[in-house]
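As C-alpha cells, the structure follows; a few thoughts come after it.
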Amino acid sequence: MKTVFITGASSGIGKEAALLFAKRGWNVAATMRNAEHLSMFANQKNIKTYSLDVKDNDSVKASIRQAIQDFGKIDVIVNNAGIYTTNTLEQTSDETIHDIIETNIKGVLSTTKAILEHFRENRSGTIINVSSLAGRVTLPFHSIYHASKWAIEGFSESLCYELKPLNIKVKIVEPGMVKTPLYRSALNFPFEQYPDEYQASFKKWHRFLMKYYENGYAPELEAKTIYKAANSNNSKLRYTTDFNTKAIFFLRSLLPLSLFQHIVRVVSG
C-alpha cells in the first residue's frame, strides 16, 4: 500500500486530497498547523494526522520522520499548505509579506528538502507542488502572491532536472479559482482607509474577484488532479484542472504581453 504525505490537509484542496487518496486505498499522512484539527479524520482508517508548521524546520523534519516510522515509507509528498493575499503593495503589511514568503516559498523548500534523503535512498518518489494560476500569469493587486507562486514554478521546473536521474518525479498542480477557505482573507477590505489613488481600481478588482470566487469550482476536482499527478508514470510537469485556467494559459502563450495585459485590465476593471 502506497503512502502520501500532504501538508495543509485541514481544509480545502488538502482535505479533499486526503479523503480521495484514502478512498482509493492509500495510506495518508495528513498534516496541519492547527492542533485543534488533528482529530478531524478519526473515522478514516487509512489516515493518520500530524501537527506540522511548514515555517518550522524542526516541525517539518519531525512529522516526516514520524510518518516514515508509522507507515514504513512515503511514496508521494504533496506540498499544498499555503496562504493567499490580494492587496496593493503599499497597503500590504511587512508581516503579511514575511508570512507569504515563509509559508508559500520557504515552507515548500523545507518540506521538499526534508523528504529527499528518503526518496533518494528508495530511488523513487514523487513531489507534487501546488502552485496556482497565479504562478504563470499575473493579475492586478497580486504582486506578493505572484512572487511566491512564480518562485514555486521556477523551483519545481529546475528541481525536476536534478532529480530525474534518481527516479524522483516533480509535478506542479496549478489550481484556478477553487472555492476554498483560502480566499477568506479577501472577503472584506476597509476601502475607505485606502489612498484615493487606489480606491476606485481596487474596488473594481475586488468586485470582479468576488464574482469569480462565487463561480469557483469545488476542491474535490483539484484533488482528482493531484491524484492523477501522483499516479502518473510519465515526465509531464504541469497539471491543470478547469477549462477557464487552461484557456487563460493558452491566451497568455499566444498573445503578446501588452495585448494580454490590456485584456486583463478590461475584464477585471
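The values are calculated or read from the model by the stated rules, or taken from the named source; none is laboratory data. Model, not experiment: these values are computed from the prediction. Every residue, glycine as well, gets a Cβ built from its backbone with ideal geometry; the counts of neighbours run over all protein chains shown. Calculation scope for accessible area: heavy atoms of the full protein, side chains included, ligands and nucleic acids excluded. Shrake-Rupley method; radii C 1.70, N 1.55, O 1.52, S 1.80 Å.
Listing for the model above:
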read-out	value
The chain, helix-only ellipticity at 222 nm - DSSP H runs n ≥ 4, -39,500 (n - 2.57), divided by all residues, nearest 500	-15000 deg cm²/dmol
Rounded to whole Å, sorted largest first: equivalent-ellipsoid semi-axes of region 113-269, Cα gyration tensor	34, 16, 15
Set of aspartates and glutamates with alpha-carbon distance to Lys73 below 17 Å, sequence-local pairs under 8 removed	Glu117, Glu121
Over 24 Å (Cα to Cα) - which of Lys106/Lys246; Lys106/Lys228; Lys179/Lys203; Lys23/Lys48; Lys171/Lys203 fall in this group	Lys106/Lys246; Lys106/Lys228; Lys171/Lys203
Identified option (computed Rg and Dmax of the Cα atoms in Å; candidates (i) 18.0, 59; (ii) 18.8, 59; (iii) 17.4, 53)	(ii)
Label-reachable residues, region 141-167, where backbone N falls under 11 Å from a point 7 Å from His98's Cα toward its Cβ	none
Where labels lie 7 Å past Cα in the beta-carbon direction, separation of Ile83 and Ser51 in nm	1.9 nm
Two-site label geometry, Ser11 and Lys113: point separation in nm, points 7 Å out along Cα→Cβ	2.9 nm
Accessible area, probe 1.4 Å, largest first, for residues Trp150, Trp26	Trp150, Trp26
Helical segments meeting 27 Å axial Cα length and Kyte-Doolittle -0.5 threshold in the chain (DSSP H)	143-163
Per residue, in Å², the accessible surface of region 1-147 once ligands and nucleic acids are set aside, probe 1.4 Å	44 Å²
Lys15, Lys2, ranked by accessible area, largest first (probe 1.4 Å)	Lys2, Lys15
Label point 7 Å beyond Cα of Leu237 along Cβ direction - residues of region 143-158 with amide nitrogen under 15 Å	150-158
Ile101 accessible area, 1.4 Å probe, all protein chains in place, Å² to nearest 10	80 Å²
Modelled label reach - Ile68, point 7 Å along Cα→Cβ, region 30-51 residues with backbone N closer than 18 Å	30-31, 50-51
Debye intensity ratio in log₁₀ form over the Cα atoms of region 17-122, taken at each q of 0.15, 0.19 Å⁻¹	-0.69, -0.99
Cβ-Cβ FRET estimate between Ser201 and Leu259, R0 fixed at 25 Å, reported to 0.05	0.80
